[in-house]
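Scroll down for the structure; my scribbles are underneath it.
Bear in mind that the values in this text are calculations on the coordinates, not laboratory data. These figures come from a predicted structure and were not determined experimentally. Don't worry about glycine lacking a Cβ; one is built from the backbone with ideal geometry, like all the others, and counts go over all protein chains shown.
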Amino acid sequence: MKKYIAEFIGTFTLVLFGTGIAVITGGHLIATALAFGLAIIASAYVIGNISGCHVNPAVSLSMLLNGKITVKEFIGYVIGQVAGAFAATGVLYYILSTTIIGTSSLGANGYGELSLANISLLGAFITEIILTFIFIYAVIGVTSDEKKSNVAGIVIGITLMFVHLLGIALTGTSVNPARSLAPAVIQGGEALKQVWLFILAPFVGSLLATVVYRYLNTSDTSAKKSK
């Protein structure tokens, strides 16, 4: 149970500060990227030893596929992450309702008119798959080597900043189904109609990253043995 509570806290922090700063700054590129990345870094060194600090169903899917967590644990992780995202968005909604900013935007992801670049549905889908692929590939790589454990949180946080720098203007950057679901549900309207893409694409990107990493890693191992 402790690891699921830790995932709740970590995801709450990520969504509150990430989407909150995105809304308050009007989607400022650097500020938003830093917010998401720093939230991951901070959480990694606080709850990493408890739950691994997934704070993202796409990360948990990769860990499931790699045999690092069970199906039961995966379900618990996702419940904790989604609950944390909804709690954070609810708090953000209340805070914004007491300001002149208002609650018309809660940092939901989107394409078409909800995208700063007016990206197409297909363009958004491809973008999210690629961004998630890069993020999850980095997560798997740095967490699979015990020698890198001390810097894992920093590497993962910087990688999240990195993908946000490209994705913010295109889709708002999801790479995290829980982060996308909560704002879309509470914001409603077109954001809710589009949220399926930001749930599906990150899972596809996570699956591809896991398959590619395992393939390349297995190839390297086999090559070494054959020498």
Burial ordering of Met63, Met1, Met161, fewest other beta-carbon atoms within 10 Å first: Met1, Met161, Met63
For the stretch 105-227, max minus min Cα coordinate along each principal axis, in Å, sorted largest first? 58, 29, 22
Treating the angle as unsigned and between 0 and 90°, give the value, to the nearest 10°, between the Cα long axis of helix 71-97 and the longest Cα principal axis of the chain. 30 degrees
Ordering 188-197, 129-138 by per-residue average of other C-beta atoms within 10 angstrom, highest first, gives 129-138, 188-197
Of the candidates Ile119, Phe162, Ile47, the farthest towards the positive dipole end of the stretch 2-226 (Lys/Arg Cβ +1, Asp/Glu Cβ -1, centred on the Cα centre) is Ile47
Degrees between helix 2-24 axis and first principal axis of the chain (Cα, 0 to 90, nearest 10): 50 degrees
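For the peptides 179-185, 9-15, what is the packing order when you average, over each peptide's residues, the other Cβ atoms within 10 Å and list the highest mean first?
The packing order, highest mean first, is 179-185, 9-15.
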Selected from Ser144, Asn176, Ser104, residue furthest toward positive end of dipole (the stretch 52-205; charges at beta carbon): Ser144
Just want the ordering: Ser149, Ser43, from fewest to most Cβ atoms lying within 10 Å of their own Cβ. Ser149, Ser43
Under a 10 Å cutoff between Cα atoms, tell me which one of Val163, Val71, Val82 has the largest fluctuation in the Gaussian network model of the chain. Val71
For semi-axes √(5λ) of the Cα gyration tensor in Å, the listed values are [x] 29, 19, 15; [y] 52, 21, 18; [z] 24, 22, 19; which was obtained by calculation from the structure presented? [x]
Relative contact order as a percentage, the stretch 47-206, C-alpha pairs under 8 Å and 6+ apart, gives 33 percent
Can you spot the aspartates and glutamates whose alpha carbon is less than 14 Å from Lys193's alpha carbon? Ignore those fewer than 8 places along the same chain. Glu113
Would you mind ranking Val139, Val175 so that the residue whose beta carbon has the fewest other beta carbons within 10 Å leads the list? Val139, Val175
